[in-house]
1. Quick check, is residue 29 outside any strand (DSSP E or B), under 13 Å from the mean Cα position of the chain (by Cα), surrounded by fewer than 17 Cβ atoms within 10 Å (Cβ to Cβ) and touching a residue at least 60 places away in the same chain (Cβ under 8 Å)?
2. Tally up the residues in the range 12-41 that are out of contact with any strand residue (DSSP E or B) (no Cβ under 9 Å at 6 or more places or on another chain) and modelled with pLDDT under 95, please.
3. How do the strands (runs of 3 or more DSSP E) wholly within the range 32-143 filter down when requiring 1 or more residues that are buried (at least 18 other Cβ atoms within 10 Å of the Cβ), touching a residue at least 60 places away in the same chain (Cβ under 8 Å) and out of contact with any helix residue (DSSP H, G or I) (no Cβ under 8 Å at 6 or more places or on another chain): which remain?
4. Given the structure, is residue 50 over 20 Å from residue 122 (Cβ atoms) and at pLDDT 95 or above?
């Protein structure tokens, strides 16, 4: 392995990761076709906050990564679809997509363990859609 690729791999594993967004579940904040940078060290010293856009390991298929907004923190009460209230357990968060009608999120798969949070979505570094490159989205802050 060359030294420059070793440095790149170390940075990707520990600091910053690029992700391509393949769905509309976070629109309008994050669009299908956006490419974003995820800060993997964002939560080393502090926990996620309500409203943060995060990337995490999908609980039902650990080979996938999902992007959602933090809706509730440990100890917060949430109202489930059947009207019952439940507290978010210690060490977990509740996440929801901004495009609620088109999102698989905690309403389907439940709470996300904090240990499965990969990082905080920070910026759109590239974006394209059916009409081509969306120049106005490049550099859009997500935090």
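1. yes
2. Looking only at the range 12-41, we keep the residues that are out of contact with any strand residue (DSSP E or B) (no Cβ under 9 Å at 6 or more places or on another chain), and these are 13-14, 22, 24, 27-28.
Narrowing the set further to residues that are modelled with pLDDT under 95 leaves 13-14.
Summing the residues that are out of contact with any strand residue (DSSP E or B) (no Cβ under 9 Å at 6 or more places or on another chain) and modelled with pLDDT under 95 in the range 12-41 gives 2.
3. Answer list for the range 32-143: 34-39, 53-57, 117-129.
4. When the stated conditions are applied, residue 50 does not pass them.
The values are calculated or read from the model by the stated rules, or taken from the named source; none is laboratory data. The structure displayed is predicted, hence computed values, not measured ones. A quick note on method: Cβ atoms are made from the backbone with ideal geometry, for glycine too, and the neighbour counts reach across all protein chains shown.
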